[in-house]
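Asks: Quick one: structure below, then a few questions.
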Amino acid sequence: MSDHGSGAHSGEYEDRLQAWVGRELLTRRFGQDPVNVPMIRHWVEAMADDNPIYLDESAAREAGRDGVVAPASMAQAWTMRGYAASVRPDGEPTGMDELTGLLAEGGYTSVVATDSEFEFERELVPGDRVSVEEVVEAISPEKKTGLGAGRFITTVRTYRDAAGEVVATQRWRLLRFRPAEKPAQEPAGKPAGKPEGEEAEARPLRPRPAINHDNAFWFEAAREHRLVIQRCADCKSLRHPPGPCCPQCGSFAWDTVEAKGEGHVYSYVVAHHPRHPAFGYPLVIAVVELTEGTRLITNLTGVEPADVQIGMPVVLDWIDPDPDLSLPAFRPADADAKER
């Protein structure tokens with residue numbers, strides 16, 4: 001049994017944690033590159049944001065700007081360290097490293113982001129050099145959550161321009177939690193291509209999906225072995241994954257249609273590592289485009305990884321790893337035809 005619980009509730013440990021409130025986690029650090037149009041272009045294309053003030057000089061001037069501006073939500077992107085710095089850190093410990101170590105001492109070794117609140121002071125323009133600094137605003141007492149006992153860590157990030165003027169602030173809240181004790185694991189692993197249902201009892205449960213008010217209907221239908229697609233009740237556009245608002249017309253009214261269960265492999269990967277004991281490996285994870293036009297991420301069954309091809313026709317299958325979970329999967333359509 002872990003004894004983290006007693007230490008995490010001791011007065012001495014609580015004092016050490018609360019001493020971090022108001023302390024600096026990140027000393028002011030500039031982003032690698034100034035605000036620039038190529039990165040703005042990448043962002044708006046990825047977000048499908050067609051506001052012309054981000055790329056069209058004349059449209060920006062007509063809207064009262066001196067020229068193009070960066071999307072406000074890119075503020076954080078300008079200060080990210082990039083891939084190289086993430087995989088090859090400089091070795092200098094930061095305040096965040098120290099606080100993370102203290103939280104791990106109390107058993108809070110897992111983390112999930114909960115929310116982010118931005119306040120913007122002015123729009124960023126090409127050429128701006130953006131810096132970020134971060135301080136701890138609050139550390140909650142231990143809370144019981146669905147993920148386990150944990151603490152909410154609230155920090156404030158301040159974004160400044162080269163002159164030191166504040167351009168944005170971000171209140172960032174994380175849940176650092178103590179993961180539940182894992183039960184003894186039974187031998188896992190089925191041969192590649194073997195149906196998911198076989199030997200499922202010898203494995204731990206699959207990770208639970210994050211179910212909320214927006215997607216509960218989808219998982220309820222899956223329990224009945226029905227693959228449904230959310231449809232805007234106004235413009236009739238189909239969308240997946242589910243969401244509260246239609247991205248085409250902005251309507252909050254929706255219903256569903258049941259998919260035929262046919263499609264093709266749009267893209268796929270074969271996962272080898274890291275391994276989770278609930279799955280058999282190698283594991284084929286695909287993006288399947290349904291005949292209705294929407295896409296979903298799913299597993300492929302009944303096929304060896306070497307036989308998967310982009311564009312391969314597939315049909316609906318179901319994975320029932322335990323009595324409380326059913327998930328759609330897809331298998332090669334030609335295998336179905338051969339069986340008939």
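The values are calculated or read from the model by the stated rules, or taken from the named source; none is laboratory data. Fair warning: this is a prediction, and the values are worked out from it, not measured in the lab. Positions of Cβ are generated from backbone atoms using ideal geometry, with glycine treated the same way; all protein chains shown enter the neighbour counts. Ligands, DNA and RNA are excluded from the accessible area calculation, which covers all protein heavy atoms including side chains. Shrake-Rupley method; radii C 1.70, N 1.55, O 1.52, S 1.80 Å.
Asks: Scan ARG65, ARG41 and give me the residue that is touching a residue at least 12 places away in the same chain (Cβ under 8 Å), part of a helix (DSSP H, G or I) and out of contact with any Phe, Trp or Tyr (no Cβ under 7 Å at 6 or more places or on another chain).
Replies: ARG41
Asks: Follow-up. Of the conditions (1) open to solvent by 50 Å² or more (accessible area, probe 1.4 Å); (2) in a helix (DSSP H, G or I), ALA221 satisfies every one except a single condition; which number is it?
Replies: (1)
Asks: Let me ask another. Name every residue in the range 100-123 that is open to solvent by 60 Å² or more (accessible area, probe 1.4 Å), under 22 Å from TYR159 (Cβ atoms) and charged (D, E, K, R), in order of residue number.
Replies: GLU117, GLU119, GLU121, ARG122, GLU123
Asks: I've got another one for you. So for the range 60-79 (the condition being more than 26 Å from the chain's Cα centre (by Cα) and acidic (Asp, Glu)), does at least one residue qualify? Let's see the steps before the verdict.
Replies: Just the residues of the range 60-79 that are more than 26 Å from the chain's Cα centre (by Cα), to begin with: 60-69.
Subset that is acidic (Asp, Glu): 62, 66.
Yes, there is a match, as at least one residue in the range 60-79 is more than 26 Å from the chain's Cα centre (by Cα) and acidic (Asp, Glu).
Asks: Related question: Kindly provide the set of residues from the range 129-156 that are among the basic types (Lys, Arg) and farther than 16 Å from LEU99 by Cβ, ordered by number. So that I can check it myself, show each step before the final result.
Replies: Filtering the range 129-156 down to residues among the basic types (Lys, Arg) leaves 129, 143-144, 151.
ARG129, LYS143, LYS144 - these are the residues of the range 129-156 that are among the basic types (Lys, Arg) and farther than 16 Å from LEU99 by Cβ.
Asks: Could you tell me whether the range 157-164 includes any residue that is in a loop (DSSP other than H, G, I, E, B), aliphatic (A, V, I, L, M) and modelled with pLDDT of 95 or more? Give the steps one after another, and end with the answer.
Replies: Going residue by residue through the range 157-164, those that are in a loop (DSSP other than H, G, I, E, B) are 161-164.
Cutting the leftovers down to aliphatic (A, V, I, L, M) gives us 162-163.
Pick out the ones that are also modelled with pLDDT of 95 or more and you get 162-163.
Within the range 157-164 (the criterion being in a loop (DSSP other than H, G, I, E, B), aliphatic (A, V, I, L, M) and modelled with pLDDT of 95 or more), the answer is yes, since at least one residue qualifies.
Asks: May I ask you to list pairs of residues, at least six apart or on different chains, whose Cβ atoms are under 8 Å apart, with the first in the range 311-330 being closer than 15 Å to ILE285 by Cα and without any contact (Cβ under 8 Å) to a residue 24 or more places away in the chain and the second being charged (D, E, K, R) and in a strand (DSSP E or B)?
Replies: ASP317/ARG331
Asks: Got at least one residue in the range 232-239 being touching a residue at least 12 places away in the same chain (Cβ under 8 Å), surrounded by 14 or more Cβ atoms within 10 Å (Cβ to Cβ), under 20 Å from the mean Cα position of the chain (by Cα) and more than 23 Å from ASP322 (Cβ to Cβ)?
Replies: Within the range 232-239, one or more residues are touching a residue at least 12 places away in the same chain (Cβ under 8 Å), surrounded by 14 or more Cβ atoms within 10 Å (Cβ to Cβ), under 20 Å from the mean Cα position of the chain (by Cα) and more than 23 Å from ASP322 (Cβ to Cβ).
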